[in-house]
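To start, the structure itself, in structure tokens.
The values are calculated or read from the model by the stated rules, or taken from the named source; none is laboratory data. Owing to the predicted nature of the structure, the values given are computational and were not obtained by experimental measurement. Cβ placement follows ideal geometry from the backbone for every residue including glycine, while neighbour counts extend to all protein chains displayed.
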Amino acid sequence: MGRSPPRSAGRRTGRFCSEATHDGVPSPRRSHYNAKLDAEVVWVGEGEYQISRNPADVLTTILGSCVAVCIRDPETGWGGMNHFVLPYETGAGKGLPSVQLRYGSYSIERLVNALIARGSCRERLEIKVFGGANVIKSSGNIGHRNADFVESYLAHEGLAVAVSQLRGTAPRKIRYYPTTGRVLMRVCKPEQVPEALETEAYLPFDPALVRPSKTVLFEPPPGQRKRTEKTRQQ
């Protein structure tokens, strides 16, 4: 049985942009309609960013040691999210767009520039950052290094952070509404998101390895209270 389209379907033209992890070729739009949210849920994988100004779009990802930077301009209505794996580029695959977007120093710049290219202004940008958890002991403190990096980078660029949920030891699931800045965050148990553990396992050995992400949307067991933080437009 097919799913009903969102009420906003048909008004999406020209409102979406994506970057891929594979040789700079735009990735297919990985999304599905969520009837409960009445929204188009768009997945943001490792080494990707997505931007939108459609009120029907919700950008989502799952973070372990990785960090997501969520940025919007309240005046233009454009907003976006990235998902980076490590702070700086290493030697392997250096210079390839497919690899560069996995690194915060490049990924954040690309996201900001994409918004500015659509009329956004740096002084108006509202920024929220999430992730950077040390999910497993053998990860070499990668999560907290990512958290240190994103705080230092944004401060150096003169970009103020409105909301920060960084570090810790648990994965996070993020849903971001790019036009309003609303965020839904759920702290997860590692076994609920095996993809996060998978990422932590290979990063110390080959941090430049490019692997496609899988979309796993999950619901808490019956009777388990959701741990959700709701951040509304300030």
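Here are a few things to note about the model shown:
- Taking the stretch 172-185 as the range and being of a type in the set (S, T, N, Q) and surrounded by fewer than 19 Cβ atoms within 10 Å (Cβ to Cβ) as the test, only Thr180 passes.
- In this entry, Pro204 is excluded by the filter for residues that are closer than 24 Å to Ile71 by Cα and at pLDDT below 95.
- Set Val135, Val163: member being more than 25 Å from Ser52 (Cα to Cα) and aliphatic (A, V, I, L, M): Val135
- Each residue in the stretch 101-151 was checked for being assigned to a strand (DSSP E or B) and among the small types (Gly, Ala, Ser), and 1 of them qualify.
- Subset of the stretch 129-140 that is under 19 Å from Thr60 (Cα atoms) and of a type in the set (A, V, I, L, M) - its residue that is modelled with the highest pLDDT: Val129
- Selection within the stretch 136-161 - among the aliphatic types (A, V, I, L, M) and surrounded by 22 or more Cβ atoms within 10 Å (Cβ to Cβ): Ile142, Ala147, Val150
- Meets criteria (at pLDDT 95 or above, within 18 Å of the chain's Cα centre (by Cα), within 17 Å of Gly47 (Cα to Cα) and not polar (S, T, N, Q)) for Gly143: no
- When the stretch 132-151 is filtered for residues that are free of Cβ contacts under 8 Å to residues at least 12 places away in the same chain and farther than 18 Å from Arg102 by Cα, only Lys137 remains.
- Selected residue [among the hydroxyl-bearing types (Ser, Thr, Tyr), at pLDDT 55 or above and buried (at least 16 other Cβ atoms within 10 Å of the Cβ)] from Thr199, Thr231, Thr169: Thr199
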